[in-house]
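Report on the structure given below.
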Amino acid sequence: MDYKKHIAERINIYGVDADEIYSSIALPPNSEMGDYALPCFKFAKILRQSPVSIAEKLREAYKTDEKISEVSAVNGYLNFKVNKAGLAYDVLNCILSTGEKYGSSDTGKGKTVCIDYSSVNIAKPFHIGHLSTTVIGGALYKLYKFLGYNVVGINHLGDYGTQFGKLISAYKRWGDKDEVEKGGIHAINDLYVRFNTEADEEMENEAREYFRLIENGDREANEIFEWFKSLTLKYVQGIYCKLGVQFDSYAGERFYTDKMQPVIDELRAKNLLRESEGAQIVDLEKYSMPPCLILRSDGASLYATRDLAAAEYRKATYDFDKCLYVVAYQQNLHFKQVFKVLELMGKEWAKDLVHVAYGMVSLEDGAMSTRKGKVVWLEDVINKCVEKAYTVIEEKNPELENKNEIAEKVGVGAVIFGALYNNKIKDIVFSYDKVLSFEGETSVYVQYTCARANSVLLKSGELSAVPENYEPNAQEFEVVKQLAVFPEILEEAAEKFEPSYIARYAVDLAQKYNKFYIECKILSETGGKKAFRLALTKVTLQTLKNSLKILGIGVPDKM
RNA sequence: GCAUCCGUAGCUCAGUUGGAUAGAGCAAUAGCCUCCGACGCUAUGUGCCGAUGGUUCGAAUCCAUUCGGGUGCACCA
């Protein structure tokens, strides 16, 4: 179904190879001009002819065939019109036969991708700032699987640092076992907030001491810590379940405690380590970066040290072809440094490490702060969205069965989609108005389109075979073309680590289908026309479902 | 100060391996349910694509400078 390739193979330009012709083929601004176009301007110098005459000569030489029905030369562009009936027939049958696998491929066969995402902090509830990494990572996870990769989802737990000393100190001062059991993670967080507001020098010292106790294997400190950890994991599991994300490993920072020394030894052996102001660093001045700190002046390890150990461990354990870090752009420099240090250590695989950076989330009145307790919890956002969905269903479709289940799919979908619809690098100012808006370019719009398509299919009875030689009209053909590019869109999304491509694709397809739906009758038609339109409806529904599924969004049959 | 990202319609954003008249949604106005789901569709308008210069047959897209904003920059993670 690669029409560009088909065209490129049939054009000969002296001194230009087929690959270059292939990559030069573009899409005309509107479909009346054609379905594909080859701009001939860049060939003018090589051939020493005007683009207009080149296009004209190529047009004369091109023999139309079963795929390309018309070729025209316009102002230096060579425009191609495809055989609409043929394309429509191929696309519909392809989707009908592949079904929920439509768009999948084996490009990733034999390759492994590690994705480090979500990476929750122990004892901290999920707030909207954690949403992006979780759903972007989750979507990439499902996308790579769909493309045939072996994928390893890693939740690099934030379970290391003096903050855990603070927590234990706070718990021992004010905590109560039953209250924490009952209040769960929010009760722990309250203790943390209280510690930060009341802490003086003495308490800070106590916290450092407790952290040291955890490190040295003190039984009581570790018991409390493990208890907090299990409460946290139980809690996040509920959220992950709703968001449809999963992990294959929960190896967090503490996991690397005993894996850092070999890295430090290697750095020293390779003469990369240097003392500076009492600390051990890798100097990166040559690369116009500040130094990468490996050991503090008191000998303790740092964030970067653990990330170096983690990268080594992942390479040794999973032998990845790519390792992605879905982490906010605040850490651009950190990852640049870590990757550079690994490169300097001679790890040829350092080039396979990718920081998938995304924008930050703030509130309308400024940045969030867990320590100050100024946050929007993700559960609240999800709950409000689900409630809103329920209210809308109650209003528009009160007879519906399973209203709770459907409201859940719609509400959760809106939360996920809102976080995935824009380019990931964009900052987000969180507002309830925005996430609760269900109109326009939203998952609800796509889900509604699915419900509409599904309703048509329910009323249609058995589908007959797609008619051959059916000449689609303009609206039908727009849908067909959009359906056909789905596999390409997925490849691009994977290549650019950009789930938003898929979200936008789904909205585009839904828009094109809705335009078709309004313009064209389906059920009251007969014969080939009806068969074609029903098939078009069925494969559109399938493709919309496939797109949303990758994003972790479910599609209700009715809503 | 150095590094890095962003700047497109009133708002939120697409569009950037250079290509033909710069597109959506929201908001506004006017329409469309005796007809397959109106959470939908149609029509109407707004743009020195932050600015300047350069490269090119051609620049929102590439380069340089500049302005505005975000983020990061030594013992937190």
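Hey, what number do you get for chain A at 222 nm if only DSSP H runs of n ≥ 4 count, each worth -39500 (n - 2.57), divided across all residues, to the nearest 500?
So the calculated ellipticity at 222 nm is -17500 deg cm²/dmol.
Whole angstrom only: what separates the Cα centroid of the range A:173-231 from the Cα centroid of the range A:72-129?
46 Å
Along the charge dipole of chain A, which of A:GLN237, A:GLN330, A:VAL354 sits closest to the positive end, that is, farthest toward it, with unit charges on the beta carbon of Lys, Arg, Asp and Glu (+1, +1, -1, -1)?
A:VAL354
Using 7 Å Cα-to-Cβ label points, what is the A:ASP265/A:LYS372 separation (nm, one decimal)?
Once both label points are built, they end up 4.7 nm from each other.
Any idea what angle helix A:131-146 forms with the longest principal axis of chain A, computed on alpha-carbon atoms, 0 to 90 degrees, nearest 10?
50 degrees
State the answer as a single residue: which of A:SER53, A:PHE43, A:LEU536 lies farthest towards the positive end of the charge dipole of chain A, with beta carbon charges of +1 for Lys and Arg and -1 for Asp and Glu, about the Cα centre.
Going by the Cα projections, it comes out as A:SER53.
For a Förster distance of 56 Å, can you work out the FRET efficiency between the beta-carbons of A:MET33 and A:VAL429, rounded to the nearest 0.05?
The formula returns an efficiency of 0.90 here.
Could you state the angle between the C-alpha long axis of helix A:84-98 and the longest principal axis of the C-alpha atoms of chain A, as a value from 0 to 90 degrees rounded to the nearest 10?
40 degrees
Pairs to check: A:LYS229/A:LYS315; A:LYS315/A:LYS347; A:LYS5/A:LYS63. Give those whose C-alpha atoms are more than 18 Å from each other in this structure.
A:LYS229/A:LYS315
Normalised by the residues of the range A:96-150, what does the relative contact order come to in percent, with Cα pairs under 8 Å and at least six apart?
Normalised by residue count, the contact order of the range A:96-150 is 58 percent.
Distance from the Cα centre of the range A:471-539 to that of the range A:268-336, in angstrom?
Rounded to whole Å, the Cα centres lie 47 Å apart.
Calculate, for A:SER276 and A:ASN222, the FRET efficiency according to 1/(1 + (r/R0)^6) with r their C-beta to C-beta distance and R0 25 Å; round to the nearest 0.05.
0.15
For the range A:155-194, which whole percent of the accessible surface, found with a 1.4 angstrom probe, sits on carbon and sulfur atoms?
42 percent
Please give the charge dipole size of chain A, origin at the Cα centre, charges +1 on K and R Cβ atoms and -1 on D and E Cβ atoms. Round to the nearest 20 debye.
In debye, rounded to 20, chain A gives about 1300.
Quick one: if the Förster radius is 41 Å, what FRET efficiency do A:LYS403 and A:ALA199 give, using the C-beta to C-beta distance and rounding to 0.05?
Result of the calculation: an efficiency of 0.30.
Per residue of the range A:191-204, in order, report the coupling 6.51 cos²θ - 1.76 cosθ + 1.60 (Karplus, θ = phi - 60°) as ³J(HN,Hα) in whole Hz, putting x for Gly and Pro.
4, 5, 4, 4, 4, 5, 7, 9, 4, 10, 4, 5, 5, 4
Please report, in debye to the nearest 20, how large the charge dipole of the range A:263-356 is about its Cα centre when each Lys and Arg carries +1 at its beta carbon and each Asp and Glu carries -1 there.
With Lys and Arg at +1 and Asp and Glu at -1, about 140 debye.
With θ taken as phi - 60° and the coefficients 6.51, -1.76 and 1.60, list the Karplus ³J(HN,Hα) couplings across the range A:56-68 in order, rounded to whole Hz; mark glycine and proline as x.
Running phi through 6.51 cos²θ - 1.76 cosθ + 1.60 with θ = phi - 60° gives 5, 5, 5, 4, 5, 6, 6, 9, 5, 8, 5, 9, 10 Hz.
So what's the angle, to the nearest 10 degrees on a 0 to 90 scale, between helix A:378-396 and the longest Cα principal axis of chain A?
40 degrees
Please give the contour-minus-distance gain from A:ARG48 to A:SER97: 0.36 nm per residue of separation, less the Cα-Cα distance, rounded to one decimal in nm.
Gain on extension, A:ARG48 to A:SER97, equals 12.8 nm.
Under the 0.36 nm per residue contour assumption, what length would be gained going from the current alpha-carbon distance of A:LYS384 and A:ASP248 to full extension?
Going from the current span to full extension adds 45.9 nm.
If amide H atoms are built 1.01 Å from N in the plane of the peptide, which residues on other chains or at least 5 residues away come under 5 Å of the amide H of A:VAL16?
Under 5 Å from the amide H of A:VAL16: no residue qualifies.
Quick one: net charge of A:LYS374's neighbours, Cβ under 13 Å, K/R +1, D/E -1?
With Lys, Arg at +1 and Asp, Glu at -1, the net is 0.
Taking a probe of 1.4 Å, how large is the accessible area per residue of chain A, in Å²?
Here the residues of chain A average 47 Å² of exposed surface.
Per the 1.4 Å probe, what fraction of the accessible area of the range A:269-325, in percent, lies on carbon and sulfur atoms?
46 percent
Report relative contact order for the range A:122-216 in percent, whole number only (criteria: Cα-Cα under 8 Å, sequence separation at least 6).
39 percent
Under unit Cβ charges (Lys, Arg +1; Asp, Glu -1), what dipole magnitude, rounded to 20 debye, does the range A:1-115 have relative to its Cα centre?
Result for the range A:1-115 is approximately 260 debye, rounded to the nearest 20.
When only Cα pairs under 8 Å and 6 or more residues apart are kept, what is the percent relative contact order across chain A?
16 percent
Which trypsin sites (Lys or Arg not before Pro) in the range A:448-541 pass both tests, a DSSP loop state and at most 15 other beta-carbon atoms within 10 Å?
Answer by residue number: A:LYS521.
In chain A, what percentage of the DSSP-assigned beta bridges are antiparallel, given to the nearest 5?
Here the share of antiparallel DSSP bridges comes out near 55 percent.
Which net charge results for the neighbourhood of A:ILE393, defined as the other residues with beta-carbon distances under 12 angstrom from its beta-carbon, given Lys and Arg at +1 and Asp and Glu at -1?
Summing Lys and Arg as +1 and Asp and Glu as -1 gives -2.
With all protein chains present, how much of the accessible area of the range A:454-529 (probe radius 1.4 Å) comes from carbon and sulfur, to the nearest whole percent?
So the carbon and sulfur contribution to the accessible surface is 48 percent.
The values are calculated or read from the model by the stated rules, or taken from the named source; none is laboratory data. Source: prediction; values computed, not measured. Quick reminder, even Gly has a Cβ in these numbers, built from the backbone with ideal geometry, and neighbours come from all protein chains shown. When the accessible area is computed, the model is the full protein with side chains, heavy atoms only, and any ligands, DNA or RNA have been set aside. Shrake-Rupley method; radii C 1.70, N 1.55, O 1.52, S 1.80 Å.
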